[in-house]
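Here's the structure we're looking at; comments come further down.
Every number here is computed from the coordinates shown, using simple stated rules; none is lab data. In this text, all values refer to a predicted model and were calculated from it rather than measured experimentally. Cβ: placed from backbone, ideal geometry, glycine included. Neighbour counts: every protein chain shown.
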Amino acid sequence: MTHLTRRHLIASLAATGVLAPALTRAGDALYAVDFGVIPGSPDDQSKSLQEAIQAAAASGQKLVLPPGPIFVANIAFASRLAIEGTPGSTQLTGWNGGSVGSFANVSDAKVANVIFAGGTGDAASGLGAVLEVASSLSVSFTQCGFVDSPTTGLFITDSAVTISDCDFRGHADAAIHALDNRGLLITGNRISDCGNAGIRIWRSESGADGSIISENRIWNIKATDGGNGQNGNGINVFKADEVIVSDNHIADCAFTAVRLNTTNNTQVSGNTCLRSGETAIYSEFAFSGSLIANNIIDGAATGISMTNYNEGGRLAVCSGNIVRNIAPKSLVNPDTSPVGIYAEAETAVTGNTIYRVPGAGIVAGYGQYLSNVLVANNVLYDILIGIGVSVARGAGNAQIANNLIFDPDHAVVGMAWADMVEPDLIANAAKYPLLTIANNTVGEVQGV
């Protein structure tokens, strides 16, 4: 009598076609089931999966994971490793609510078609992210999923990682938290339903980062942990320089679609930002060299803000943006004013179109915090105040020229902090030698 082993049983099922989709064999691959990994088992599969990973890395062969849930904990992923699962089915779930594992000090690792899930823990337990990458190079995740973490989906430090065409959802903190990295490429992903942030690109100290965040869809980001802007952001860049944020679709963030804090040489372009709870695009604190161009903003309490000259924030271009449907107030930050675009220092605000603002379309400076702002060639329509400029003691230079301002209550006004002290700067520009007010057109919209 032939003794029926587990290997014989799997082979028999494969021959009958029951397991054919999972066990189509390739000569250049190893299969996790051959190392004792049992998908669907409620037991911890860590030992078997770790053995399979080490064997695949040593042989240079791809490791194929079976469809279904696989419970593991603290897996150490290896260099020169390629892992592939069954699309939409293979799921590595943190055993007993813990972390799946980490890529630490590895290089040349690729993962495709694997869902990483966070188990059943909670944020208060102190558990780590679903998956961590640390001090690693050339790590990539393609068509993967990161779901239901009690903290963060993917935590990355000191690494170069590519994340493409992946799904992130249901994380109590952030989908991706990246700290002190060496250039990430985050592109074509879908990120939703997170407690505090979509993507964070942070550094401990200001320095070059070079990450590119492009063509992602991000929506429904809350601010569960509160605060006045540290949470509730679709994309948050903090002390990370030379970052590009482009062509993303970002909707329904509690605070901000794209928030730059203390950044240098950062580009924010081509993004569609919908229904932001506070300021849609923010460049704040000690920033220098922010390019904010060709974005669409529809729904926010402030459209675009380049602020904190008092903290060293200066040097920006804000051009070619559409800003529309600004709310009368922010439900999350009552200090937010209904403004289309706000700028303070060494900034050009040119070629923007601003529509339907129950406040000022463009504001240059606040009190003494105004230095060399150009507001030119913008189109403003259906606003209470077209352009407000600080004329307070200590305010610096500004030029307001060649703007088209339609249907305002006031076209160009002088402000002393929050108070309008000069209701018609066009007529009275000579009183303010640091201001140039020229060739602005004020009128009513004609036609239907």
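Here the simple spin-label model places points 7 Å from the Cα toward Cβ, and for A438 and D43 these points are separated by 8.3 nm. What's the angle, to the nearest 10 degrees (0 to 90), between helix 46-59's Cα axis and the longest principal axis of the chain? Roughly 90 degrees between the two axes.
Below 8 Å between Cα atoms, with a sequence gap of 6+, how large is the relative contact order for the range 25-170 in percent?
Value for the range 25-170: 17 percent.
Scalar couplings 3J(HN,Hα) for the range 371-383, obtained by applying the Karplus form with A = 6.51, B = -1.76, C = 1.60 to θ = phi - 60°, are 8, 6, 10, 10, 10, 9, 6, 9, 10, 10, 8, 6, 10 Hz; x denotes Gly and Pro. Once the chain from T142 to D335 is taken as fully extended at 0.36 nm per residue, the excess over their C-alpha distance is 65.3 nm. The simple spin-label model puts a point 7 Å past each Cα toward its Cβ; for A29 and A401 those points are separated by 6.5 nm. Taken along the Cα-to-beta-carbon direction at a fixed 7 Å, the label points for N325 and D247 span 2.5 nm.
Taking a ≥ b ≥ c as the square roots of the Cα gyration tensor eigenvalues, with a/c under 1.5 meaning rounded and otherwise prolate when a/b beats b/c, else oblate, which class fits the range 166-308?
On the way: a/c = 1.29, a/b = 1.13, b/c = 1.15.
It comes out rounded by the Cα gyration axes.
The fewest-to-most ranking of M415, M306 by surrounding Cβ atoms within 10 Å reads M415, M306. The reciprocal of the average 1/r between distinct C-alpha atoms defines the Kirkwood hydrodynamic radius, which for the range 281-335 equals 12.1 Å. Across the chain, Cα pairs under 8 Å and at least six residues apart give a relative contact order of 6 percent.
Among residues other than T157 with Cβ under 15 Å from its Cβ, the summed charge is -1 (Lys and Arg +1, Asp and Glu -1).
As a test, work out the antiparallel percent of DSSP beta bridges whose residues both lie in the range 137-220, rounded to the nearest 5. Before the final figure, lay out each step's value.
Details: 0 of 28 bridges.
Taking every DSSP beta bridge within the range 137-220, about 0 percent pair in antiparallel fashion.
As a rough footprinting exposure proxy, the listed residues W95, W202 were ranked by other beta carbons within 10 Å of their own, and the order from fewest upward is W202, W95. Rounded, prolate or oblate: which fits the range 311-424 when a ≥ b ≥ c are the square roots of the eigenvalues of the alpha-carbon gyration tensor, with rounded for a/c under 1.5 and prolate only if a/b beats b/c? Here the range 311-424 falls in the rounded category. For a test of the definition: using alpha carbon positions, the gyration tensor, and the 1.5 limit on a/c, classify the range 150-189 as rounded, prolate or oblate. Here the range 150-189 falls in the oblate category.
Report the relative contact order of the range 211-346, percent, no decimals, based on alpha-carbon pairs under 8 angstrom and at least 6 residues apart.
Numbers: 441 pairs, mean separation 25.7, N = 136.
Computed over the range 211-346, the figure is 19 percent.
Binning the alpha carbon pair distances of the chain at 20 angstrom intervals from zero yields the distribution 25, 43, 22, 8, 1, 0, expressed in whole percent. Each of R314, R393, R217, R356 has some number of other Cβ atoms within 10 Å of its Cβ, and from fewest to most they run R393, R356, R217, R314. Within the range 58-81, what residues put their amide N at less than 17 Å from the label point 7 Å along the Cα-to-Cβ vector of E51? Correct set: 58-59, 63-66, 71-73, 75-76.
Within the same chain, lysines fewer than 8 places from K62 are excluded, and of the rest, those with a Cα less than 30 Å from its Cα are K47, K110. Computed per residue of the chain from DSSP H runs no shorter than four, each worth -39500 (n - 2.57), the mean residue ellipticity at 222 nm is -2000 deg cm²/dmol.
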